[in-house]
Structures are given as structure tokens and as C-alpha cells.
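Accompanying notes for the structure given below.
The values are calculated or read from the model by the stated rules, or taken from the named source; none is laboratory data. Note that the coordinates shown come from a computational prediction; the quantities given were computed from them, not determined experimentally. Counting neighbours? That spans all protein chains shown, and the Cβs are built from the backbone with ideal geometry, glycine included. All accessible areas refer to the heavy atoms of the entire protein, side chains included, with ligands and DNA or RNA removed. Shrake-Rupley method; radii C 1.70, N 1.55, O 1.52, S 1.80 Å.
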Amino acid sequence: MLISARSFDEYRAMFALSDDDLALRVLDCPGGSASFTALAGERGTDAVAVDPQYGAGRAELGELVEREIAHKHAFMTENAAKFVWSWFGDAERYTRLRTEAARTFAADLRARPERYVEGSLPSLPFPERSFDLVLSSHLLFSYGAQLDEAFHLSSLIELARVARRQVRLFPLVHHTSDIRYE
């Protein structure tokens, strides 16, 4: 599985986040190296990210993701005709936005490490009903071929356990296609 650096704006679009949503206590699971928690926190949101990568070696995570972005840039440039560029425009903008997100994440991880908690589904290190809104992107259903139905079910139950109000998932399709998970 990849560690991605999605932006705050991508999160707003993916999860249809309103200003009211951003006034809630929010969990991003898995957070990866997204800038959502950092930029939501700057706006006053009580945001926390959880990811298994936030353990040992977490200080190097931003650098690792930047290398991954550079590698993906080469692939996307070579295969640009195969992508729909409605969000990013082109491979150059994709790379710039993902790199900015990774750097924002890395800076916030250093400045506010308490926002980034080591943990993974299907067992999160939080008490019941710890968050008003729980967001989960590009894990559940995206990796349906690699993660079995039992993992998905126990993970959904766990996300609901730590949520007081709502859980939002994105996308509901396999990461290599537009086919919905069964």
C-alpha cells in the first residue's frame, strides 16, 4: 500500500466537508502524510491522524513520501494520456500539490507530534466515541483484493466505535478501477 500526501482541499472535496464539519473533533484514519490534520488544525479544528507509519521512523516519513511522489511523477508524465486530470490539471500540478502536502504534513508532525498517533485498523488506540467525525480515505474498499471481508467488517465496526456522530469513507471502489467493492 502507498503512503499518500493528499491536500486539505482534496479532503474537503472527497468528504464534502462543510465549515460545520470542521468545527467538530475529527479523526483521519489512516492519515498517511496528508496535510489535512495540519491545515485543519491551523483553522481551529481539533483534528487527529492515526496511521501505523507514525511509529518508529516517523521523522523520515515526509522525506520518504517526497521520493515516492517523484517516482510517481515520472510514471504519470509517461502515462499522462491514461489519467483524468480534472482535479490536478496535469502531472506537474499533481506533483507540486502532493509535494506541498507532504511538506506541510512533515512540518506539523515535527511541531505538533501529539496530533499524529501510531495505530491501525482494525484496532484503534482510542476510547469509544472519541471523535465526532471519522474520515477514512483510500484504504477500505480500495484494497479489496488485498484486505479480506473480515478485515473490512472489523474495521468498519472499529471506525463506528470511535465515532460519536458519523464515519465517512472515500472511495468505495478498488484503487485500480472504478468497480465498487462488493
Q. Taking into account only those residues within region 87-121 that are under 24 Å from GLY57 (Cα atoms) and basic (Lys, Arg), which is most open to solvent (accessible area, probe 1.4 Å)?
A. ARG110
Q: Mind checking which strands (runs of 3 or more DSSP E) fall wholly inside region 110-182 and carry at least 1 residues that are over 14 Å from PRO30 (Cβ atoms) and at pLDDT 95 or above?
A: 131-137, 163-170
Q) What is the one condition in (1) within 23 Å of ALA5 (Cβ to Cβ); (2) surrounded by fewer than 16 Cβ atoms within 10 Å (Cβ to Cβ) that LEU124 does not satisfy? A) (2)
Q) What tally of residues in region 39-73 results from selecting those that are of a type in the set (A, V, I, L, M, F, W, C), at pLDDT 85 or above and either more than 19 Å from SER137 (Cα to Cα) or not in a helix (DSSP H, G or I) (or both)? A) 7
Q. What are the residue pairs meeting all of these: first residue in region 3-28, first residue within 14 Å of TRP87 (Cβ to Cβ), second residue aromatic (Phe, Trp, Tyr) and open to solvent by 30 Å² or more (accessible area, probe 1.4 Å), Cβ atoms under 8 Å, and 6 or more apart or on different chains?
A. GLU10/TRP87; ALA13/TRP87; MET14/PHE170
Q: Inspect all residues belonging to region 22-32 and state whether any of them is assigned to a helix (DSSP H, G or I), of a type outside the set (A, V, I, L, M) and either at positive phi or open to solvent by 10 Å² or more (accessible area, probe 1.4 Å) (or both).
A: no
Q | Answer from GLU10, GLU42 - the residue that is out of contact with any Cys (no Cβ under 9 Å at 6 or more places or on another chain), surrounded by fewer than 21 Cβ atoms within 10 Å (Cβ to Cβ), more than 13 Å from ASP132 (Cβ to Cβ) and not small (Gly, Ala, Ser) | A | GLU42
Q | Some residue of region 74-86 being of a type outside the set (A, V, I, L, M, F, W, C), crowded, with 16+ Cβ neighbours inside 10 Å and modelled with pLDDT under 95 | A | no
